[in-house]
Amino acid sequence: MIESVSVSIMAPTGPRRLSQGWESAHRPAPSGRVAFVSDLSTRPRLVMPLAEHVAAYGRLPGGLTLGMTLDTLRAANLTGRGGAGFPFWKKLQAVATAESRKSPVVIANGSESEPLSKKDTLLLKNNPHLVLDGISLVAGLLGAKSAYLYVKDREAHSAVNAAMRERRERGITELRVTIVEAPAGYVSGQETAVVRRIAKGPALPQFSMDRIASSGLRGAPTLLSNVETFAHVAMILRFGSEWYRQGGQGGDRGTRLLTIIGAVGRPGVYELSPGASLAEVLRETEAPDPRAVLFGGYFGRWLDLSAPHTAKFPMDDAALAEHRLSFGAGVLGVVGRETCPVVEAAAITEYLAGQSAGQCGPCLHGLPEISTAMARIALSSDVERGMHDLRSVIPLVEHRGGCQHPDGVIQLVRSTVGAFAEEVKLHRSGRCTAQGSHTSMLLPPGASVSAGGAA
Amino acid sequence: MRLVIDPTRCHGHGTCAELLDEYIRLDKWHYPIIAKQKVSVSHADLLRRAAQLCPELAISVVDD
């Protein structure tokens with residue numbers, strides 16, 4: 001295990017956030033619930049040295065047992081931060097109890113294949129030690145013989161390398177983490193694609209009747225989670241589930257990193273504490289005239305802000321679930337009055353259709369048809385036909401892919417025509433409420449699609 | 001027993017639908033849709049043979 005098995009945890013001072021000590025750009029709201037962490041620039045940042053990290057968070061706890069840890073994580077109700085939001089303790093338990101002759105494997109996914117997301121890269125660049133702590137603790141509890149960190153960003157890669165060197169030099173004995181480079185592409189971060197890539201295969205999703213928890217990397221029970229989830233594990237196992245929940249009930253009451261982009265004055269990564277209202281988030285991000293928010297990233301769902309009371313609800317997953325929303329991959333895309341959310345969604349759909357791995361027929365053939373239908377609706381060229389085609393093609397695609405890609409696209413499309421039914425009606429008569437040009441605010445830089453750009 | 005198709009392997013040859021028209025129909029792109037997943041025991045051999053004849057070996061007959 002890590003350093004000594006001493007249980008005397010140095011009492012950390014200041015706010016115990018994931019983003020504690022990252023740069024000096026913190027400017028929390030008066031309530032402190034929406035903390036600006038960083039803008040979206042990719043300039044190199046100062047990595048928190050190990051000594052500073054230990055001073056801020058304390059040493060790693062020793063003497064943990066699996067049963068104790070499962071109880072703590074269950075009480076904390078930590079859910080995965082990669083998109084699916086699965087309870088972490090269940091994942092840990094599934095891997096720990098998997099019947100296998102092979103030793104478990106731990107994988108931290110930092111590939112951040114969600115194009116608009118920057119939070120994982122920032123976390124790895126600013127405090128790789130927190131993520132390494134989490135991996136180390138989980139690997140130790142599972143008796144894992146190998147651990148991997150899957151990462152795309154070059155600077156994040158070197159920050160983690162430097163941090164691992166520092167830990168070795170400081171005499172920390174722990175399972176060595178192997179860094180595997182994640183290639184570009186939306187599907188490269190899918191669970192089975194990650195496992196396949198680490199096994200030196202292509203970073204493409206793979207169909208399997210087994211869950212990776214029982215048979216993942218080279219058939220071994222595999223615990224794969226997002227890097228932010230591991231950072232939370234490292235915090236919860238230090239400070240406890242009560243600290244994590246901050247007295248809150250129901251759902252996941254911890255803080256979370258969110259990338260907030262689109263029609264906002266201050267796009268960037270924020271650390272959000274539950275209890276903050278959406279109105280508070282929009283105020284802090286300086287959204288001048290928000291009309292709608294895409295929750296969760298490209299596989300997300302829309303919230304139409306013209307509906308009553310929407311800006312008031314608290315930003316925690318229980319409240320979001322009541323609106324059938326989730327934080328998903330940790331991205332909020334804000335749309336203002338300049339662009340049309342239906343056009344935005346059509347542009348994203350076209351981008352995602354192009355990101356299909358092309359392995360499964362229904363996804364390969366169906367997504368371009370769905371994308372064309374969305375373009376017809378968005379650009380008012382033939383709304384009737386577009387809606388008709390969506391109704392006929394979606395059932396041929398849904399649940400028929402080897403991974404979540406096609407179903408994620410369908411979720412976005414359904415949410416779009418559902419949330420903006422009035423807008424779609426307007427498009428039928430060739431009108432649109434957007435006041436500006438038909439360009440997209442929510443496409444990744446450099447993406448070229450025709451639906452959003454060519455109108 | 002049930003019929004499972006690996007969609008990442010299937011290339012839409014359609015052999016399965018010809019052999020197993022009771023179980024599989026093809027969509028408009030000629031990819032199989034399982035119409036009946038539960039396999040009756042009397043058809044088990046036929047389904048296993050069909051699985052072997054799939055050019056991409058994308059079909060499995062799984063014992064539950």
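Values in this text are rule-based calculations from the coordinates and carry no lab data. All values reported here derive from a predicted model rather than from experimental measurement. Positions of Cβ are generated from backbone atoms using ideal geometry, with glycine treated the same way; all protein chains shown enter the neighbour counts.
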Inset, instruction - At a Cα cut-off below 20 Å, give the lysines reachable from B:K36, other chains included and same-chain residues fewer than 8 away excluded. - result: B:K28
Inset, instruction - Work out the FRET efficiency for B:L46 and A:A94 from their Cβ-Cβ distance, taking R0 = 45 Å, and round it to the nearest 0.05. - result: 0.80
Inset, instruction - Take every residue in peptide B:22-30, count the Cβ atoms of other chains within 10 Å of its Cβ, and give the average of those counts. - result: 3
Legend entry - Charge-dipole axis of the range A:374-451 as Lys and Arg at +1 and Asp and Glu at -1 on Cβ define it, positive-most pick from A:P395, A:V409, A:Q435: A:Q435
Inset, instruction - Compute from the Cα atoms of the protein assembly as shown the Rg and the Dmax, the latter being the longest Cα-Cα distance, and quote both in angstrom. - result: 24.0, 71
Inset, instruction - In debye, nearest 20, what is the charge dipole magnitude of the protein assembly as shown about its Cα centre with +1 on Lys and Arg Cβ and -1 on Asp and Glu Cβ, if you could check? - result: 760 debye
Legend entry - Test item: Cα-centred dipole of the range B:2-62, Lys/Arg +1 and Asp/Glu -1 on Cβ, debye: 160 debye
Inset, instruction - Take every Cα pair under 8 Å in chain A that's 6+ residues apart, average their separations, divide by the length, and report that relative contact order as a whole percent. - result: 16 percent
Legend entry - Charge dipole of chain A about the Cα centre (unit charges at C-beta), most positive-ward option of A:I377, A:I261, A:L223: A:L223
Inset, instruction - Write down, largest first, the equivalent ellipsoid semi-axes of the range A:387-449 in whole Å, where each equals the square root of 5 times an eigenvalue of the alpha-carbon gyration tensor. - result: 25, 18, 9
Legend entry - Surface/4 of the Cα convex hull for the range B:2-62, nm²: 3.5 nm²
Inset, instruction - Over 25 Å between C-alpha atoms is what I'm after, so list which of A:K152/A:K200; A:K200/B:K38; A:K119/A:K200; A:K102/B:K38; A:K102/A:K125 land there. - result: A:K200/B:K38; A:K119/A:K200; A:K102/B:K38; A:K102/A:K125
Inset, instruction - Among the aspartates and glutamates, select those whose C-alpha is under 15 Å from the C-alpha of A:K312, and discard any that sit fewer than 8 residues away in the same chain. - result: A:E280, A:E284, A:D304, A:E322
Legend entry - Neighbourhood net charge (12 Å Cβ-Cβ; Lys/Arg +1, Asp/Glu -1) for A:V227: -1
Legend entry - Förster radius 30 Å - calculated FRET efficiency between A:R218 and A:E322 (Cβ-Cβ, nearest 0.05): 0.10
Legend entry - Calculated FRET value between A:D289 and A:E422, using beta carbons and R₀ = 22 Å, to 0.05: 0.75
Inset, instruction - Within the set of other residues whose C-beta is less than 13 Å from the C-beta of A:T79, count the net charge using Lys and Arg as +1 and Asp and Glu as -1. - result: +3
Inset, instruction - Please give the peptides A:222-228, A:286-292, A:367-373 ranked by average Cβ packing (other Cβ atoms within 10 Å per residue), highest first, as a rough proxy for protection. - result: A:222-228, A:367-373, A:286-292
Legend entry - In degrees, nearest ten, helix A:405-419 long axis to first principal axis of chain A (Cα): 50 degrees
Inset, instruction - Would you mind calculating the relative contact order of the range A:31-190 from Cα pairs under 8 angstrom and at least 6 residues apart, reporting the percent as a whole number? - result: 26 percent
Inset, instruction - Select from A:V424, A:L364, A:A346 the residue farthest towards the positive end of the dipole of the range A:341-453; place +1 on Cβ of Lys and Arg, -1 on Cβ of Asp and Glu, and compute about the Cα centre. - result: A:V424
Legend entry - Positive minus negative residues near A:G386 (Lys, Arg vs Asp, Glu; Cβ under 15 Å): 0
Inset, instruction - Pull up the cross-link candidates among the aspartates and glutamates for A:K425, meaning alpha carbon to alpha carbon under 14 Å and not fewer than 8 places away within one chain. - result: A:D382, A:E384
